[in-house]
Amino acid sequence: MVKVFPRLVESLRGKLPVRTVRLVPGEFFFTRSLDLPPGILPSDIHSFAEFSLESLSPFPMEQLSWGFLTLPGSPNILVYGAYRETLIRNGFTDLEKDSHVYPGFIVGTPREFTEPSVEFRLFDTTLSAIGFAPRNAVPQWVTSARLPDSESTGDPVKAARQRLLNNIDSSAYAVSDATLEITGEVEESNEGWQFPATYRIDGTPPSPEDSRSLGLRLDEHGAWFADIRDDTYIRKKRKENDLARKIWFATLAVGIAAGICLLMHIGFFGMGFWIKNRAEFVVAQTEAFIQLSDTNDRVEKIEQFVQKELRPFDMLETMNVERPSAVHFTEADTDGFNRLSVKGIGTNVEAFNRYTEALRQSPKIETVDPQVRTSQGRALFTLTIIFRDPSETSPSVVAGTRFTDSPGPE
C-alpha cells in the first residue's frame, strides 16, 4: 500500500499539462510606475492600470502586449507594455503554449532594500537597470539596453552597464557592482518559479561557484496581472487551469477512495487498472468541456451585441475627453445601446463636480445622474449616463494623448 500510492499520484500528475514560463527581453517594453489612489480596492487595481495605460501608451491598447507588477502592501504598481507586432517580428509567437509570459526584468521579485538602490539583471542579450525605493519590492523604474557588439566594445556587459548608468543620477542610489544573469530553464517549486542564474562582478566573467537561483514569487492574482498576453486569453487560461486543478484533485481523491475499497475486495492489480482508466477518461473530458464553454461564451456575447447594439468604447471615449487627472475610473458597465454606469474615485471633490457639469454640457449626453460619497476631500462616485441617439448628434473627432516614454526615473 505504501509503495502503490506514490506511483499512482505520479501517474495522475503526468496527465496535467507541464507548466512553463517564457521570458521576453526588457528592451521591447516601455515602463511606468504608477502610484495607487488612496483607498483603492485590490479588485479595482486591474481597471486602474488599464485606464492609466490607455492614456500613457503611444499605441492603441488592442495593439499592445501589456501587464503590471503589483505586490500586497506596495503603494505603487509597475506597468509595462510592448508593441505586439515588434514581438512577432522578433520571433515571440505561439505564446499561448506557455503557462505565463513575463518581461525578463521582473525575475527576482520580490526583492527589497533599505536605501534607494539600483540592480542589474541580464537576460538573453538585454541588460536592465532596475531602481528601487527603500522597503518597496515593486520597482520605481526600469530601463533596458541591448548588449553592444563585443568586437567594438570589449566587454559588452560592462559597456551596457555604463550606458544605462549615464541615463540615471547614480549619486542618488546605492548602485550594485554585480550583474545577475538568468542562464537556464525555469523550475517550479513550492516557493514559486526558480530561474538558474549567475552572479558576476562588474567586468568579471562568472565562475561555476557563482551559480545561484533567482525566484519569482507572486500570488495567484499577481501572477496573472504580470502576464503580458491578451486579457480575454488570460481569463480563458485561468478557467482552464482552475478546472484542470479541480479535476486532478477530484480524480486523485476518487482514486484513493476507490483504491482502498478495491484492495479490500480484489487486490492491488485490479485497483490500479480501474483507477488508471477512470483517470484517463475524466482528464480526456476536460478539453471538450472547455471548448463547449468557450462556444457558449462567444454565442452569448454575439447575441448581446446584435440585440442591444452596445457601443461601450464610443461612450467611454466621450467621457474620457472631459475627464480631469483628479478623476479615476475603476469600473464601467453598459446596459442597452445608450446607457453607461461608471464607478471611480475623485481625489478632488471640486474637480469631480466640474467634470459632471462638463458632461451635462456635452451634446452627446442626455442625462447625468451622479451618486457621490465624500470622505476626507475625496469623492467615491457612481455615474449613470444616458447618451443621445447617435443619429441625433453629429460626429466629432476625439483628440488622442501623445506619450513620450522616459524609461528612467523622472
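Inclusion of Glu331 among residues that are of a type in the set (Asp, Glu) and either outside the structural domain of Ile385 (by TED's automatic domain parsing) or at pLDDT below 60 (or both) is not warranted.
Regarding Glu303, is this residue loosely packed, with under 14 Cβ neighbours inside 10 Å and modelled with pLDDT of 75 or more?
Working: loosely packed, with under 14 Cβ neighbours inside 10 Å: yes; modelled with pLDDT of 75 or more: no.
It is false that Glu303 is loosely packed, with under 14 Cβ neighbours inside 10 Å and modelled with pLDDT of 75 or more.
Step by step: first the residues of the range 219-252, then only those that are aliphatic (A, V, I, L, M) and modelled with pLDDT of 90 or more, then the one that is nearest to Trp193 (Cα to Cα). Which residue is that? The qualifying residue nearest to Trp193 (Cα to Cα) is Ala223. Please verify whether Glu10 is among the charged types (D, E, K, R), surrounded by fewer than 17 Cβ atoms within 10 Å (Cβ to Cβ), farther than 30 Å from Ile260 by Cβ and modelled with pLDDT under 95, treating the condition exactly as stated. The answer is no for Glu10.
One residue stands out among those in the range 151-177 that are assigned to a strand (DSSP E or B) and surrounded by 15 or more Cβ atoms within 10 Å (Cβ to Cβ): the one that is modelled with the lowest pLDDT, which is Ser176. Listed by first and then second residue, the pairs with beta-carbon distance under 6 Å, at least 6 apart or on different chains, first residue in the range 112-124 and in the same structural domain as Leu214 (by TED's automatic domain parsing), second surrounded by fewer than 17 Cβ atoms within 10 Å (Cβ to Cβ) and part of a loop (DSSP other than H, G, I, E, B), are Glu112/Arg135; Thr114/Pro134; Glu115/Pro134. All conditions in (1) touching a residue at least 12 places away in the same chain (Cβ under 8 Å); (2) under 28 Å from Gln376 (Cα atoms); (3) under 14 Å from the mean Cα position of the chain (by Cα) hold for Ile106, with the sole exception of (2). Residues in the range 367-378 that are surrounded by fewer than 16 Cβ atoms within 10 Å (Cβ to Cβ) and of a type in the set (D, E, K, R): Asp369, Arg373. Can you tell me which residues in the range 63-80 are under 24 Å from Arg135 (Cα atoms) and without any contact (Cβ under 8 Å) to a residue 24 or more places away in the chain? Gly73 - this is the single residue of the range 63-80 that is under 24 Å from Arg135 (Cα atoms) and without any contact (Cβ under 8 Å) to a residue 24 or more places away in the chain.
Of all residues in the range 11-31, those that are of a type in the set (S, T, N, Q) have Cβ atoms under 6 Å from Cβ atoms of residues that are at pLDDT below 55, 6 or more apart or on another chain, in Thr31/Pro407.
Checked against the criterion of being more than 15 Å from the chain's Cα centre (by Cα) and without any contact (Cβ under 8 Å) to a residue 12 or more places away in the chain, the candidates Pro38, Pro60 yield just one match: Pro60.
The values are calculated or read from the model by the stated rules, or taken from the named source; none is laboratory data. Note that the coordinates shown come from a computational prediction; the quantities given were computed from them, not determined experimentally. When we count neighbours, we look across all protein chains shown, and the Cβ atoms used for this are built from the backbone with ideal geometry, even at glycine.
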